[in-house]
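Below you'll find the structure, written out as structure tokens, and then a few comments.
The values are calculated or read from the model by the stated rules, or taken from the named source; none is laboratory data. All values reported here derive from a predicted model rather than from experimental measurement. All Cβ positions, even for glycine, are placed from backbone atoms using ideal geometry, and neighbour counts span all protein chains on display. Ligands, DNA and RNA are excluded from the accessible area calculation, which covers all protein heavy atoms including side chains. Shrake-Rupley method; radii C 1.70, N 1.55, O 1.52, S 1.80 Å.
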Amino acid sequence: MTSVLYDVPGPRAILRNRILGAVTVLVIVALFAWIIWLMIDTGQLSAQKWSIFSYSLIWEQILHGLRSTVLAFISAAIGALALSVVLAVGRLSDHAWVRAPFTVIIEVFRAIPVLIFMMIMYYGLPSIGVSVSPYVAVVVALIAYNGSVMAEAIRAGVVSLPNGQTEAGYAIGLRKTGVMTFILLPQAFTAMLPVILAQLVVTLKDTALGSIITYDELLYVAKLIGGQLQYGRPYIPAAIVMGGIYIALCLLLSFVARLVEKRLRKSPRAAAVAADPRRHEDATVTSVIAQQGDGDLTAGGR
């Protein structure tokens, strides 16, 4: 098959690419070998520095830090997802008096660095008589920043959908709320899922910033372990161990994300409609309108 994006490389180009690839691999291997040699030469791989990890008390501290990291991440992820939906819907409002405040909130939250947000929450609020725990400061800062970023991703997903999606929703009797809830937002979530999941990985890694405000997560525990003078200040071993834990957490999150993405793209409802569209078309439209009608009746009763 002939490529339309670039010319097929000839013999010289193939040879050149292979040489460049081999040189790149050799440079990377040499760099890793140099780093390992430096660690050996400075005693970072000595038994003295690594013997600290032979104590159960150290692993209890690491597990405590892991639990704190996971707790902060789960709370921040749930809060950020909920906030992102609210901000995205407000940002997409047809009314300027609703859209403008939400736009300002999104831009402000996106502009403030997460660490500064944490420090304002933990060190700034006590000056006006409001004290919060490190956990609350970390979670609120992560929710505000990542929620605003994901809100823009959801908004972009909605805007990228064809106008026919909205027109079809209005044609079957739905109003703006029903179109957004049943048609646009589900498709936007599916389309922007890779971006949202990538931002959740960033949220997981940003929990490490909590160590600056004494939140006892993994990096905070690594600093405590690395500062042990009797073991030769094993900062490098502690960083290697904690880095391995972070890598494992990110890989686990990516694995779960891929499973969720596959299930969303292969839902039973989509498979049933694809198998027999005429059989499910009327029922689907009727059920959607009924759901919106029930919501309207409930709101009217209130």
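Roughly what angle does helix 11-41 make with the longest principal axis of the chain, taking Cα atoms, 0 to 90 degrees, to the nearest 10? The helix 11-41 is inclined about 50 degrees to the chain. Charging the Cβ of each Asp and Glu at -1 and of each Lys and Arg at +1, and nothing else, the dipole of segment 60-219 about its Cα centre rounds to 360 debye. By the Cα gyration tensor, the chain has an equivalent ellipsoid whose semi-axes, rounded to whole angstrom, run 45, 32, 19 from largest to smallest.
Residue-wise HN-Hα couplings along segment 219-230, as the Karplus relation 6.51 cos²θ - 1.76 cosθ + 1.60 with θ = phi - 60° gives them from phi, are 5, 4, 5, 4, 5, 5, 5, x, x, 6, 5, 5 Hz; Gly and Pro carry x.
With charges only on Cβ, +1 for K and R and -1 for D and E, what is the dipole size of segment 173-240 about its Cα centre, in debye, rounded to 20?
Charge dipole of segment 173-240: 220 debye, to the nearest 20.
The mean of 1/r over all distinct Cα pairs in segment 1-125, once inverted, gives the Kirkwood hydrodynamic radius of 21.8 Å. Seen against the Cα atoms of the chain and their longest principal axis, helix 277-301 is set at about 90 degrees. Amide hydrogen proximity for ARG233: with H placed 1.01 Å from N in the peptide plane, the residues at 5 or more positions away or on another chain lying under 5 Å are GLN228. Each of VAL85, THR177, ILE236 was scored by the projection of its Cα onto the charge dipole of the chain, and the greatest displacement toward the positive side belongs to ILE236; charges sit on the C-beta of Lys, Arg, Asp and Glu. Under a Gaussian network description of the chain, with springs only between Cα atoms under 10 Å, the residue in VAL221, VAL108, VAL138 that fluctuates furthest is VAL108.
In sequence order, segment 45-51 has phi-based couplings of 9, 6, 5, 4, 6, 8, 5 Hz under the Karplus curve 6.51 cos²θ - 1.76 cosθ + 1.60, θ = phi - 60°, and Gly or Pro positions carry x. Please determine, in degrees from 0 to 90 and to the nearest 10, the orientation of helix 193-206 with respect to the longest principal axis defined by the Cα atoms of the chain, where the helix direction is its Cα long axis. Rounded to the nearest ten degrees, it is 40. 3J(HN,Hα) along segment 120-133, derived from phi through the Karplus expression 6.51 cos²θ - 1.76 cosθ + 1.60 where θ = phi - 60°, amounts to 5, 5, 8, 9, x, 4, x, 5, 10, x, 10, 10, 10, 6 Hz, with x in place of Gly and Pro.
Under a Cβ-only charge scheme (Lys and Arg +1, Asp and Glu -1), can you give me the dipole magnitude of the chain about the Cα centre, in debye to the nearest 20?
Details: 23 positive and 16 negative charges, 105 e Å.
In debye, rounded to 20, the chain gives about 500.
Note: segment 66-128, Cα convex hull, 101 Å³ per residue.
Surface exposure of the chain, expressed per residue as accessible area with a 1.4 Å probe, stands at 61 Å². Surface composition of segment 72-215: carbon plus sulfur atoms hold 71% of the accessible area, using a 1.4 angstrom probe and ignoring ligands, DNA and RNA.
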